[in-house]
Amino acid sequence: MPEVFVEISGRKYRMACEEGQEERLQSLAARFDRMVEDFKAHFGEIGDTRLTVMAGIAVLDTLSEAESRIGELNRRLEELSRAGEGVSREYEAMEAKFARKMDEVARRIEGVADSVDTMND
């Protein structure tokens, strides 16, 4: 299992990750480090542990909001899917009705053509 070194708030940490995930882990760690540093700039030196906990909670808050939004979007997608199914059924019914009307018109045209043929004979 590959290992990478990441730096959070000036401290280096050795972390293991799955093969091929090294860059992603480093990117996530850099993003988390920026968040910790932003908290440090905003709140001052209140202790690394406290800053890290605050950043972790902020990440979870963002995650929670994203999960809520995903749930909302999934519900909306399901509503649209059901509406689409209704439109599809309505389209199929209209298509069948149109086909029946076309058959009826074709029979009438054939009837008129037969009448014209009979009159010409």
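Recomputing percent of Cα pairs over 20 Å apart from the coordinates shown identifies the correct label among [x] 48; [y] 70; [z] 42 as [y].
Which is farthest toward the positive dipole end of the chain among 112, 52, 91, measuring Cα position about the Cα centre, with Cβ charges +1 (Lys, Arg) and -1 (Asp, Glu)? In the chain, that residue is 52. Mean-square fluctuations from a GNM of the chain, with a 10 angstrom spring cutoff on Cα atoms, peak among 87, 36, 59 at 87. Under 12 Å from the Cβ of residue 72, count the other residues' Cβ atoms, weight Lys and Arg +1, Asp and Glu -1, and hand me the total. Local net charge: -1. Springs between Cα atoms under 10 Å define the GNM used for the chain, and in it the highest mean-square fluctuation of 32, 43, 98 occurs at 98. Relative to the longest principal axis of the Cα atoms of the chain, the long axis of helix 22-43 lies at roughly 60 degrees. Magnitude of the charge dipole for the chain, about its Cα centre and with charges confined to Cβ atoms of Lys, Arg (+1) and Asp, Glu (-1), is about 540 debye.
Just want to confirm a number: the relative contact order over region 7-121, from Cα pairs under 8 angstrom separated by 6+ residues, in percent.
Numbers: 25 pairs, mean separation 19.8, N = 115.
Worked out over region 7-121, it gives 17 percent.
Here the Karplus relation 6.51 cos²θ - 1.76 cosθ + 1.60, evaluated at θ = phi - 60°, turns the backbone of region 53-68 into coupling constants of 5, 4, 5, x, 5, 4, 5, 5, 5, 4, 4, 4, 4, 5, 5, 4 Hz, with x for every Gly and Pro.
Local charge sum around residue 49 (other residues, Cβ-Cβ under 14 Å, Lys/Arg +1, Asp/Glu -1)?
Details: positive: 11, 40, 50; negative: 45, 48.
Charge balance near residue 49 sits at +1.
Per-residue Karplus couplings for region 95-110, computed as 6.51 cos²θ - 1.76 cosθ + 1.60 with θ equal to phi - 60°, are listed in order as 5, 5, 5, 4, 4, 5, 5, 5, 4, 5, 5, 4, 5, 5, 4, 4 Hz, Gly and Pro entered as x.
None of the figures in this text is laboratory data; all of them are computed from the coordinates on show. Since this is a predicted model, take the numbers as computed values, not measurements. Note: ideal-geometry Cβ built from the backbone for every residue, glycine included; neighbour counts use all protein chains shown.
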